[in-house]
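Bear in mind these aren't lab numbers, they're just calculated from the coordinates by the rules spelled out. A quick note: this is a predicted structure, and the numbers were derived from the prediction, not measured. Cβ coordinates were reconstructed from backbone atoms using ideal geometry, including for glycine residues, and neighbour counts include every protein chain displayed.
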Amino acid sequence: MHKPGTDTPERFPARDRFAEGAQFVAGRPAPGTSGRTHAVTDPSTGEEVYRYELAGESDVDAAVAAARAAFPGWAAATPGERSDALNRFAAVLADRAEDFARAESLQCGKPLKLTREFDVPGTIDNTAFFAGAARQLQGQSAGEYSGDHTSYVRREPIGVVGSIAPWNYPLQMAAWKVLPAVAAGNTIVLKPAELTPLTSLLFARAAVDAGIPDGVINIVSGTGPGAGERLVGHPDVAMTSFTGSTAVGRRVAEIATATVKRLHLELGGKAPFVVFDDADLEAAANGAVAGALINTGQDCTAATRAYVQRPLYEAFVERTAALMETVRLGDPFAPGTDLGPLVSHAHRDRVAGFVDRARAYATVVTGGEAPGGDLRSGAYYRPTLVTGAAQDSEIVQSEIFGPVLVVLPFDTDDEGLRLANDTPYGLAASAWTGNVYRAQRATRDLRAGCVWINDHIPIISEMPHGGYKASGFGKDMSAYSFEEYTQVKHVMFDNTAVVRKDWHRTVFGDRH
């Protein structure tokens, strides 16, 4: 274990960097006006690292007004101009990569190796991808579909987008919200989670420094009730994109529906990890541990339910438990740390509650407790493996959002796939097998927006991310995301120059 705060460079000077406030409107930082403050804490120590005034409704109104004012000019920019701006943006992000990595690790408790090797490079790559995709916003080619007319399709920006991002991947989720919106010609107001606003603010600052016009990207740092609901319900916001829990997603949908705006939801997950009896046991066990524990399990695509065919079940449990016990908890800024704390002590206690309640009906094979010693002041929780739970139990059906993996056996392929689909969620899933026919069947039958074969978690900018069922609808990343952020317009030209068309007979009859 590594003691937080010892023998490490300065983590990130949040107080100095955001001294002017945690709002970013019309290209400039500003304080909030709600009259209430919020503390950003380092979850590895519980210490306050930054305190800011939360956004109130007037801050949201100002940000929406800035986005609305910037929209005509940004929408009129050519695809090449938007592409060039996003390429410059990617370059600025790359120059500031270490800053972003340290700020993300500080506010989230992520190991620095995760932010350096996953969060930040993924965001830079996503920005570079949308720089290219901005040039590919095309409608259907022209054609004479009625014989007398030429039709074509325009793909146009929607307007001001109001987006809400979660606390588990603040930087990447800011990018997933902002990039397709602005690449398509929209402007945006983003509300990050109040726990983790730092990298969203850095992201917006980098965009302005890259030459993206003031007001195109705005940040309001506030609570859901105080700022989020105003943003979703604002009459000048044409679209809402939300990533978070299914419960909050329902509330967002209720508010958005009242104002008849476009809605994109990426909600909760409870990803199944199906291991058939011909799978490579060592690969599956390693994949399960990595897939369950990435970002301390605070990932809506994390492996949470492993269904293992009976011949491999006992060996899988034994090997997975052994691997979990090798994972090193510690200071996120220490090079030897594999797993950091959860985002807050309150969330750590929520995760522990699921495991503690499960002891009445299941077996905790390893983990199931917060560490003591040097880590006792942080929001840490040991990697946890649970067996013996029933399919309809809380720990199998509910999203825990922590480093907890439940393992259940199955007998037939039909049973394994049926159990995998047996939750309200459908964001991601994986299947492990050496048989191509089993693999193909799994990709068809698993009801999830992403299905991996013999791996779990990897994502790429070119491919879409989004769910089935209670995991929401719509796509992040890839060119498919433009379906969320553009309007399709049919344009039709008469080619005949005839005054009286044939169809006019329905009005004029036989009169000439």
Return the FRET efficiency for the residue pair THR412, SER141: r is the Cβ-Cβ distance, R0 is 56 Å, and the value is rounded to the nearest 0.05. 0.70
Give the residues of the range 410-447 whose amide nitrogen is closer than 13 Å to a point set 7 Å from the Cα of ASP278 in the direction of its Cβ. 413, 432-442
If R0 = 60 Å, then SER58 and THR496, at their Cβ-Cβ distance, give a FRET efficiency to the nearest 0.05 of 0.60
For a paramagnetic label modelled at 7 Å from the Cα of THR363 toward its Cβ, which residues of the range 396-417 fall within the zone defined by backbone nitrogen distances under 13 Å? 407-409
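How do the peptides 479-490, 405-416, 94-105, 173-184 rank, highest first, by the average count of neighbouring beta carbon atoms within 10 Å per residue?
Values: 479-490: 17.7, 405-416: 19.4, 94-105: 21.1, 173-184: 28.0.
The packing order, highest mean first, is 173-184, 94-105, 405-416, 479-490.
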Alpha-carbon centroid distance for the pair the range 276-342 / the range 409-463, whole angstrom: 17
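So how do 300-311, 391-402 stack up, highest first, on mean other-Cβ count within 10 Å?
Working: 300-311: 24.2, 391-402: 18.9.
In descending order of packing, they fall as 300-311, 391-402.
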What are the lysines whose alpha-carbon lies under 19 Å from the alpha-carbon of LYS270, with same-chain residues fewer than 8 places away excluded? LYS469, LYS475
Which Rg and Dmax, in Å, describe the Cα atoms of the range 84-243? 17.6, 64
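Past 29 Å, Cα to Cα: identify those pairs from LYS261/LYS501; LYS110/LYS261; LYS113/LYS191, in the order given.
Details: LYS261/LYS501 37 Å; LYS110/LYS261 35 Å; LYS113/LYS191 26 Å.
Those over the limit are LYS261/LYS501; LYS110/LYS261.
At 0.36 nm per residue, minus the direct Cα-Cα distance, what do ARG15 and TYR152 gain on full extension? Give it in nm, one decimal, please. Working shown, then result.
Working: separation 137, 0.36 × 137 = 49.32 nm, distance 5.29 nm.
Extra length available between ARG15 and TYR152 comes to 44.0 nm.
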Test of understanding: ordering VAL248, VAL40, VAL499 by Cβ neighbours within 10 Å, fewest first, what list do you get? VAL499, VAL248, VAL40
At q = 0.11, 0.12, 0.16 Å⁻¹, what base-10 log of I(q)/I(0) does the Debye formula yield for the range 271-453 when every alpha carbon is treated as an equal point scatterer in vacuo? -0.44, -0.52, -0.92
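Calculate the dipole size of the chain relative to its Cα centre from +1 charges on Lys and Arg beta carbons and -1 charges on Asp and Glu beta carbons; express the result in debye to the nearest 20. List each step's numbers first, then the result.
Details: 49 positive and 61 negative charges, 226 e Å.
So the magnitude is around 1080 debye.
Assuming R0 = 30 Å, can you tell me the calculated FRET efficiency for the pair ASP349 and THR37, based on Cβ-Cβ distance, to the nearest 0.05?
Values: r = 23 Å, r/R0 = 0.78.
With R0 = 30 Å, the Cβ-Cβ based efficiency is 0.80.
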